Each structure stands twice: as structure tokens, then as C-alpha cells.
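Chemist: Below you'll find the structure I mean.
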Amino acid sequence: MLLHNQISIALRTPLVPIKSTPKYNPKNAAVFAQQRNPPPPATNFSISDETLSSRGFTLHRTMDNLDLDHLNTVFVAVGFPRRDTGKIRVALEHTDALLWVEYEKTKRIVAFARATGDGVFNAIIWDVIVDPSFQGIGLGKAVMERLITALLEKGITNIVLYSEPRVMGFYRPMGFVADPDGIRGMVYSRKQKKKK
Amino acid sequence: MPNYCTVVLPTALKLYPPIVSLDCRCQVFYSLQFPLNLNFRLRRGSRNQKVSQLKAGFWESIRSGILKNNTTQVIEPPTTTEEEEDPLSEEFVLVERTLPDDTVEKIIFSSGGNVDVYDLQALCDKVGWPRRPLTKLAAALRNSYMVATLHSVKKSAGEEGNDQKKLIGMARATSDHAFNATIWDVIVDPSYQGQGLGRALIEKLIRALLQRDIGNISLFADSKVVEFYQNLGFEPDPEGIKGMFWYPKY
């Protein structure tokens with residue numbers, strides 16, 4: 001796996017003084033998420049591929065063999081709206097990276113996440129879901145860690161997402177920061193268009 | 001400036017009231033009556049450039065941003081059917097005016113995505129954004145679902161075929177082509193700010209995305225421009241949903 005800090009980042013003129021940061025220590029990962037250095041790479045996944053496999057889960061990185069109706073069922077189970085499978089297919093075909101976990105015993109998808117973007121600068125992570133019956137055992141984290149690594153390997157360093165308030169605690173330990181430097185996520189709303 | 005600031009506009013941005021110089025006679029054009037001869041070094045492959053006519057509905061929405069008073073002439077457009085317009089590839093004149101030196105300047109909107117990356121880099125330099133590798137810039141544009149641009153075309157009085165074309169604004173959106181689109185890199189040349197052009201750019205981009213049935217349009221706004229986007233219909237942290245960045249570089 002590529003080390004994050006070996007990926008070349010476009011030259012930047014530092015407009016703000018660069019603060020020094022302490023070395024990454026896995027023991028204080030949650031605290032470290034507030035710091036600025038990303039963690040060491042993928043060889044340190046919280047659950048290894050082998051462990052996942054031994055517990056009966058298979059990792060997939062493409063749309064092949066993904067049953068979109070099963071995916072839709074998991075969407076609904078976690079509270080997303082049910083969506084047209086044709087549209088889901090189009091969305092997945094125009095997705096930069098995706099990852100899903102299959103439970104071997106049932107041959108059904110139990111975890112999923114995908115990222116869209118421009119392939120060089122920015123990526124946005126969408127639709128991070130874990131089947132409610134399989135939550136709490138590290139599958140969501142496993143999917144997120146691998147998705148982020150895949151994006152970093154492409155050289156994408158701006159990785160963002162929109163998080164509901166109740167799951168911000170899930171993303172924070174992974175290194176996500178809300179409203180950094182006052183930047184706000186905004187969504188277009190047809191209901192309340194103001195005209196000046 | 002952080003490198004992830006995707007919708008940063010320089011602090012000199014003023015939106016309302018728009019500034020219309022008393023020195024120039026302004027004429028607002030609705031339909032493009034001749035093909036433009038614009039040379040671009042980089043063409044986005046699959047888009048066709050199509051000259052199309054504005055619809056009154058859209059024009060109404062940006063007219064208030066560009067016209068300050070009744071001294072500016074407004075020409076009502078002929079009605080156009082919805083089907084004639086391909087929203088992903090349109091080009092039309094937003095503003096036409098005569099400058100004090102008798103040069104005629106047209107501001108042209110285009111969603112066909114023909115951007116010269118050298119011009120874009122020069123524009124990014126003008127607003128003070130950090131430099132990005134040209135090959136990556138080109139790739140980012142190619143991989144964007146929609147790239148909207150504003151160009152200024154100046155014709156000197158009495159000279160034939162001597163157009164000065166300049167990129168003065170751009171905005172792009174990435175999308176999964178089905179559900180979500182995110183707007184990045186909104187930029188307007190500082191000398192052209194305060195005229196409602198940025199607003200026109202975003203409004204048109206939004207409209208094109210909505211016409212393509214992409215229901216969720218999002219962006220990340222620097223704190224100084226949150227209000228700009230609120231006035232365009234964007235809501236920060238809807239239902240408490242927050243934008244989060246992975247190890248942002250401050």
C-alpha cells in the first residue's frame with residue numbers, strides 16, 4: 001500500500017504558517033484525529049482482510065455481482081429512501097471508488113460505501129451503510145478505511161462527506177473534522193430559495 | 001488559503017447592488033445571432049457546442065442581478081421550446097455593452113466545458129488560489145459532470161475579426177449522474193465581480209443539474225461566502241447534517 005505522505009501533493013504557497021504537529025501515536029488515535037497528520041497507511045487496518053474473511057465476510061471493490069435489489073433493501077433498513085435500481089446503477093457506474101462487504105452465508109450485501117469526484121483533487125463519500133443486524137462489529141470502519149486508502153492511492157487528498165449529527169462520532173475517530181476553518185457544507189433547497 | 005477551499009471567492013466580491021458604470025451604454029442580449037469563433041486548447045470530448053437561445057424564465061431570474069436601473073435596454077427573447085435546448089451544452093450572451101473606448105464587450109456564458117487550462121490557471125492566480133498542476137487541472141475538468149464558464153469577448157471599433165477573448169469566470173460540478181452533484185471551484189475575475197455574473201453562473205448550473213433530475217446539489221463554502229450561496233437557495237447544515245473533511249490541511 002502506498003504511504004499517504006509519499007503521494008505527491010501539488011505545490012502550494014503556504015498562506016498560513018505551518019504549525020508543527022506531534023508524531024502519530026496509534027494509542028491516542030481519537031485525540032489525534034484533531035491533529036493534522038494522517039495516520040500511517042493501510043497495513044494498519046483495524047480489521048485485516050484475513051480476519052474479515054475468516055469471519056465469513058468477502059470484500060468487493062467493483063459493482064460485479066452486486067445485487068442492486070439487496071442493496072436497496074439495506075438502504076431502506078438504515079432509513080434511506082428506496083431508490084430506483086436503474087438510477088442506482090447509473091450512479092454506481094459514475095462512481096470513483098466503491099467498496100462492499102458480502103456475508104458469505106447469505107450471499108447478501110451487509111456493508112457499502114462509495115465515493116464520487118473529479119478523480120484528482122476532490123472526492124465525496126456517499127451512502128455509507130451497514131445492515132442493522134451487522135452493525136457494531138467493525139464493518140463500517142473496515143469499509144471506510146479501505147475506501148479512503150483507495151482514494152489516497154489515486155492521489156486524491158481532499159476527501160469529504162456529509163454526516164448526520166448522530167454519526168459524527170463514527171467519522172471523527174477516523175480523522176474527519178467538521179467545518180474546518182469555518183467551511184460549511186451547504187445543500188440546495190428548492191423550498192426556500194431567497195431572491196435579493 | 002487552504003487547498004480544499006473549493007468555492008472561495010476573493011473578499012472583494014460584492015453582489016448587490018450590481019454596479020453598472022454610467023459611462024457605458026449597456027445592452028442586454030438574449031439570443032446569439034452569429035457563431036462564435038473561439039479557440040480553445042483543450043476541448044472536452046463528448047460535448048457538442050450548440051448555440052441556443054435563452055428562455056425568458058431564466059433571463060428573468062438573472063436580469064435583476066445585472067440591471068441596476070432603467071437606462072439599460074432589455075430585449076425580450078423569442079419563446080423557445082424546452083426540447084430545443086440541451087442544458088449540458090449551451091452558450092449565450094449574458095451582457096453586451098460598449099466601453100468608453102468604443103470597444104464592444106460581450107460576456108458569454110457556456111456550459112460546454114471548453115476551458116483553456118492555461119487561461120484557467122491565470123484566473124486562479126488572479127484570485128490568489130494556490131497553483132495546481134496543469135495536467136491535474138485538465139483531468140479534473142474532464143472528469144467533471146458539468147463545467148460552466150464566462151468569457152469576455154471584446155471587439156475594437158472598426159476592426160474586423162479582431163476579437164479579444166478572456167476567461168473571466170468558471171464553476172464546475174462533479175456528479176454520479178443520478179442522485180448527487182457537488183459544485184467546486186467557483187471563480188470570477190476580480191475586475192468582473194459585483195455585476196451578478198457569479199450568481200448567474202451558479203443559477204444556470206443549478207438549473208441544468210435540476211433539469212437532469214439530479215436532486216441533491218451540494219457544495220462547501222468558505223465562511224465569507226456562505227451568505228452568497230444562501231441567497232442562491234443553499235442551506236448550511238440542513239437538519240444538522242455537517243460537512244466533514246478528512247485530515248484537512250489548515
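Just so you know, all these numbers are worked out from the coordinates, no wet-lab data involved. No experiment lies behind these values; they were computed from the predicted model shown. Positions of Cβ are backbone-derived with ideal geometry, glycine not excepted, and every protein chain shown enters the neighbour counts.
Chemist: Can you pull the mean other chain C-beta count within 10 Å for peptide B:201-214?
Modeler: 1
Chemist: So how do B:145-158, B:169-182, B:128-141 stack up, highest first, on mean other-Cβ count within 10 Å?
Modeler: B:169-182, B:145-158, B:128-141
Chemist: Report the calculated FRET efficiency for A:Q135 and B:S156 (r = Cβ-Cβ distance, R0 = 56 Å), to the nearest 0.05.
Modeler: The value I calculate is 0.25.
Chemist: Step through the residues of the range B:237-248 one at a time and calculate ³J(HN,Hα) from phi using the Karplus curve (6.51 cos²θ - 1.76 cosθ + 1.60, θ = phi - 60°), rounding each to whole Hz and writing x for Gly and Pro.
Modeler: Ordered by residue, 3J(HN,Hα) equals 6, x, 6, x, 6, 10, x, 10, 10, 7, 6, x Hz.
Chemist: At each listed q (0.15, 0.20, 0.22 Å⁻¹), what is the log10 of I(q)/I(0) that the Debye formula gives for the range B:87-203 modelled as equal alpha-carbon point scatterers?
Modeler: Cα-only, vacuum Debye calculation for the range B:87-203: -0.69, -1.14, -1.31.
Chemist: Quick one: net charge of A:N65's neighbours, Cβ under 12 Å, K/R +1, D/E -1?
Modeler: Here the charged neighbours net out to 0.
Chemist: Tell me the label-point distance for the pair B:R207, A:S189, using the 7 Å Cα-to-Cβ offset, in nm and rounded to one decimal.
Modeler: 2.3 nm
Chemist: Taking 45 Å as R0, compute the FRET efficiency from the Cβ-Cβ separation of B:T98 and B:D237 and round it to 0.05.
Modeler: Result of the calculation: an efficiency of 0.50.
Chemist: Return the average number of partner chain Cβ atoms within 10 angstrom of each residue Cβ along peptide B:218-229.
Modeler: Mean partner shielding for this stretch: 4.
Chemist: Moving on to the next point. Given A:M144, A:V78, A:A91, which one lies farthest toward the positive end of the charge dipole of the range A:61-146, if we put +1 on the Cβ of every Lys and Arg and -1 on the Cβ of every Asp and Glu?
Modeler: Highest projection toward the positive end goes to A:V78.
Chemist: Quick one: which of B:K126/B:K224; A:K154/B:K136; A:K154/B:K224; B:K106/B:K155; A:K154/B:K126; B:K126/B:K165 span more than 20 angstrom between C-alpha atoms?
Modeler: In this structure, A:K154/B:K224; A:K154/B:K126 exceed 20 Å between Cα atoms.
Chemist: Based on the alpha-carbon set only, what is the convex hull volume of the range B:167-232 divided per residue, in Å³?
Modeler: Spelled out: Cα convex hull of the range B:167-232, divided by residues, is 88 Å³.
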